[in-house]
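The values are calculated or read from the model by the stated rules, or taken from the named source; none is laboratory data. Model, not experiment: these values are computed from the prediction. Cβ placement follows ideal geometry from the backbone for every residue including glycine, while neighbour counts extend to all protein chains displayed.
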Amino acid sequence: MGGSYLGNAGIFIVKTVFGLYLLIVMLRFILQIVRADFYNPVSQFIVKATTPPLKPLRRLIPGIGGVDVASIVLMFAIKMLEIFIVGILIGHFFDIAGLVVRCISDLLDLAVDVFFFSILIQIIISWVNPGAHNPVVSLLHSLNEPILRPARRLLPPMHGFDLSPILAIIALKLMTFLVVYPLRDVARAIDPTFTYLP
């Protein structure tokens with residue numbers, strides 16, 4: 001009994017540590033894609049936290065068409081290592097093909113969550129403190145605008161109310177249901193032991 005508690009604690013620590021660092025790398029990748037202000041204090045923290053592993057990786061893996069491929073490889077490596085360690089803790093070794101599919105689904109899920117929660121935070125800030133100008137608000141605007149702009153074209157502001165964030169959030173959740181969950185089912189079909197992955 002005590003062993004399972006210890007195992008669960010270990011899984012929690014592994015998923016938290018790896019998850020937080022993966023989030024930081026994901027933010028760096030997305031902020032590069034949306035061309036956010038890298039002189040922003042929050043951006044500078046993200047850059048400093050992710051440069052040590054990315055610097056040597058970039059020597060081996062160059063970018064393609066402005067896309068930082070090294071960041072994608074690093075995200076894959078972090079996620080695969082996390083799943084591998086969790087697998088050891090729960091006593092399961094996963095099939096490599098299923099592991100790759102599961103990594104893709106988890107990274108897409110994280111990307112959706114980043115946009116979902118950043119839009120939600122931006123909405124709350126606009127209600128609580130409209131017109132606020134600080135590094136976080138500026139970064140949220142840079143992050144969300146590529147998604148909110150097309151949503152605004154489909155659903156223009158009505159009588160001063162901008163409902164485009166709601167449309168964007170619905171689209172993001174649909175992506176979870178239509179892309180992320182089916183990919184997880186594919187991973188389970190390849191290797192049923194993924195059912196036991198927390």
Does at least one position in region 83-94 carry a residue that is part of a helix (DSSP H, G or I), within 30 Å of Tyr39 (Cβ to Cβ) and aromatic (Phe, Trp, Tyr)? no
What about Asp106, is it among the charged types (D, E, K, R) and crowded, with 16+ Cβ neighbours inside 10 Å? yes
Taking region 148-182 and keeping residues surrounded by fewer than 17 Cβ atoms within 10 Å (Cβ to Cβ) and in contact with a Ser or Thr (Cβ under 7 Å, 6 or more places away or on another chain) leaves Leu155
Neighbours by Cβ (under 6 Å, 6+ apart or cross-chain): first from region 78-91, more than 16 Å from Leu23 (Cβ to Cβ) and in contact (Cβ under 8 Å) with a residue 60 or more places away in the chain; second surrounded by fewer than 17 Cβ atoms within 10 Å (Cβ to Cβ) and not aliphatic (A, V, I, L, M): Gly87/Phe93; Leu89/Gly7; Leu89/Gly10; Ile90/Tyr196
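Okay, residues lined up against (1) within 21 Å of Val25 (Cβ to Cβ); (2) assigned to a helix (DSSP H, G or I); (3) charged (D, E, K, R):
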| position | (1), (2), (3) |
| --- | --- |
| Gly98 | no, yes, no |
| Leu108 | yes, yes, no |
| Asp113 | yes, yes, yes |
| Leu139 | yes, yes, no |
| Pro156 | no, no, no |
| Ala168 | no, yes, no |
| Lys173 | no, yes, yes |
| Leu178 | no, yes, no |
| Pro182 | no, yes, no |
The condition from (1) in a loop (DSSP other than H, G, I, E, B); (2) surrounded by 15 or more Cβ atoms within 10 Å (Cβ to Cβ); (3) of a type in the set (Ser, Thr, Tyr) that Tyr39 misses is numbered (2)
Residues that are under 16 Å from Val114 (Cβ atoms), part of a helix (DSSP H, G or I) and basic (Lys, Arg): does region 16-28 have at least one? yes
Which condition does His92 not pass, out of (1) surrounded by 14 or more Cβ atoms within 10 Å (Cβ to Cβ); (2) modelled with pLDDT of 90 or more, if it passes all the others? (2)
